[in-house]
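Everything on this sheet refers to the single structure shown next.
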Amino acid sequence: MISVQNHRPLLSGNKWLPFFCIALLLAACSPKTRPVATTVKKPTDTEKKPDNTAEKPIKAPEQKVATIAMILPLNLEHLNPAQKYSPIQLSQANIAVEYYQGFKLALDSLTAYGNNYRLQIFDSKDEAMQAHDLALNAFIRSSDLIVGPVFPDGVKSFSGALSYSKGPILSPLSPANPSTIKSKNLITAIPPLEYHAWGAAEYINRTVKPKKIFILRSGFNQESDYAINFKKAIDSLSKKKVKVTNVYVIRGKLSSLLPQLSKTEKNVFVIPATDQAFLGVTLRSLDTLNKHYPVMVFGHPSWEKFSFLKPQLLQRLNTHITSTEKINYKAGATITFLRNYRRAYHVEPTEYAIKGFDEGLYFGKLLFTDKGMQSIEGTDFTGLHNGFHFVKKPGLGWINTHVNILMYTNFELKQVE
C-alpha cells in the first residue's frame, strides 16, 4: 500500500485545482496494520491446578514499509487568492504535479505485489534556502529514497546541506553534470551531455568504423563539453586509430576539407552546435557537398526539438542524433500506461508524467530487492521513456549513461538502437 491518499485532480496547464489537491497530500498518514486479538487460556474443571495466566499475544510479522520523501517546486503559498503564480512558477508547479502523478501511479501498480510505501511530499518553492532547510527535516533524512529537488540549483543546495542520509538523493529531471553537485549519494536519472557524446562515439566506432571524423564547430563555448568528450571517447574506443579533426566553419565554407574527403565511403561529420543561423548555413553546405561526397551527420541531442530543422534535409544528410526521450506510443506497455493514467487523473500524460512513472517503477522495485538501492549499478531497466544503465562514479554517485540512437527515416526520427 501507499500511505498517501489517491486523489484524482483534473490537471490543466492554466488551472490551480491540481495544486490544491497536492496540498491535501503533504501530510502522509502512517501505514495501516491489522490488530491481532489477544488469546487467554481459560481453566477447566478437569484441570488439577487452575491456570490464570494469559497466553502471550501472537505478533504478526512486521511488514516492510519503504519511505520516500519527494521534494517538488509546488509554490503552494500562491494558492492564496491574494497571490498569483507567475508564468514560470505555474509552469514549474505543473511539471511537479505531472511528475508526481506518474510516480504515484507506478507505486500504486507495485502495491499489487504486496509492496508497501509511505510517500510524503515537501514544497521546495524552487528556492535554494528552502531546499537547504528541508535537508534538516527528520523524515527526509531518514527516508529510504529522496526524490528531488527538481532543478539543479535546488539539488546543489539540498545535497550540500545533507551531509548524510539513510537513502540516496534522486535528481529526477535534470541532466546537469553531477560534478557540479559532488554528492556521493546522488542519482542522476537523466544522462548528462557527456554521455550523449560517448553514446554517439560508441555507435560510430562500432558500426561505421571511419578512418576520419570531422567535428564542425561555430566557435561558441557551449559546444566544448560535447566536442571534448566525443574526442576522448573516440580516442579511447579506437585506441587513437581514428583521426578526429576540429573544424571551425565560417559562413558555411567547407571547401578546405575537399582533399580529405572520400567519394566512396561515408564522410562522418559531428556537429555539436545549437545556433540556428550556424546550423542553417552549415547544413545547406553539407547538402551541396553530399552530391559528390557521401555524408553522415551526427547532431546535438537538442536537434530533436528544433522545428527550424527540416526533416527532408536531415534525411538526405543521413542524420543521427542521441536522445533520452523516445516513446513508442504503439507499444503495449505504453498503451496500458496511457489507459491507466487517464482513468486515474482524467487527463493526458505529459513527458514528465511518463518520466515519473518510469522512475517510480524502477526505484520502487529496487526498494524491495534484497540489496535495496545498493543494487542500482547492476540493475538495468527499459522504461516507456528511456532506459536506465547506472554507473557508480567516486564522489559523484550513480549516473544513468543510457542514450538512444535515432535516425531520420521516412522524414521522422526512428530508433536505430
- Item | Solvent-accessible area per residue for the range 69-218 (1.4 angstrom probe, square angstrom) | 37 Å²
- Could you work out Rg/(2.2 N^0.38 Å) for the range 212-339, with Rg from alpha carbons only? 1.18
- Semi-axes, largest first, in whole Å: what does sqrt of 5 times each Cα gyration tensor eigenvalue give for the range 92-238? 36, 19, 14
- Message: What distance in nm separates the two pseudo spin-label positions at E77 and E127, each 7 Å out from Cα along the beta-carbon direction?
- Response: 0.4 nm
- Under a plain spin-label model, where a point goes 7 Å from the Cα along Cα-to-Cβ, how far apart in nm are K211 and K84? 6.6 nm
- Message: On the principal axes of its Cα set, how long, how wide and how thick is the range 92-143? Give whole Å, largest value first.
- Response: 39, 27, 8
- Choose one of P152, A201, F220: the residue whose Cα lies farthest towards the positive end of the charge dipole of the range 147-238 (beta-carbon charges +1 Lys, Arg; -1 Asp, Glu; about the Cα centre). A201
- Task: Could you tell me what percent of the accessible area of the range 236-301 is made up of carbon and sulfur, with a 1.4 Å probe and every protein chain present?
- Result: 51 percent
- Message: As an exercise, use a Förster radius of 60 Å and the Cβ-Cβ distance of Q63 and I250 to find the FRET efficiency, rounded to the nearest 0.05.
- Response: 0.35
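May I ask which of K212/K305; K184/K231; K291/K414; K166/K392; K209/K305 have a Cα-Cα span longer than 20 Å here?
Correct reply: K212/K305; K184/K231; K291/K414; K209/K305.
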- Query: For K239 and N137, what is the calculated FRET efficiency with R₀ set at 41 Å and r taken between the beta-carbons, to the nearest 0.05?
  - Reply: 0.25
- Protein accessible area in the range 135-180, 1.4 Å probe - carbon and sulfur %: 57 percent
- Counting only the backbone N, which residues of the range 127-171 are under 17 Å from the spot 7 Å out from the Cα of Q374 toward its beta-carbon? 144-145, 165-169
- Query: Mind ordering 137-144, 168-175 by average Cβ neighbours within 10 Å, highest first?
  - Reply: 168-175, 137-144
- With all distinct Cα pairs included, what does the Kirkwood hydrodynamic radius of the range 328-417 come out to in Å, to one decimal, could you say? 15.0 Å
- Note on the structure: Low-density loop chymotrypsin sites (Phe, Trp or Tyr not before Pro), the range 327-383, at most 11 other Cβ within 10 Å, DSSP non-H/G/I/E/B, are Y329
- Where in the range 304-332 does the label zone of R284 land, with the point 7 angstrom along Cα→C-beta and an amide N cut-off under 18 Å? 307-317
- Using a 10 Å cut-off on Cβ atoms, rank the peptides 277-286, 246-255 from the highest mean neighbour count down. 277-286, 246-255
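The values are calculated or read from the model by the stated rules, or taken from the named source; none is laboratory data. Not measured: the values here are computed from a predicted model. Cβ atoms come from the backbone with ideal geometry, glycine included; neighbour counts cover every protein chain shown. The area values use the complete protein model at the heavy-atom level, side chains included, leaving out ligands, DNA and RNA. Shrake-Rupley method; radii C 1.70, N 1.55, O 1.52, S 1.80 Å.
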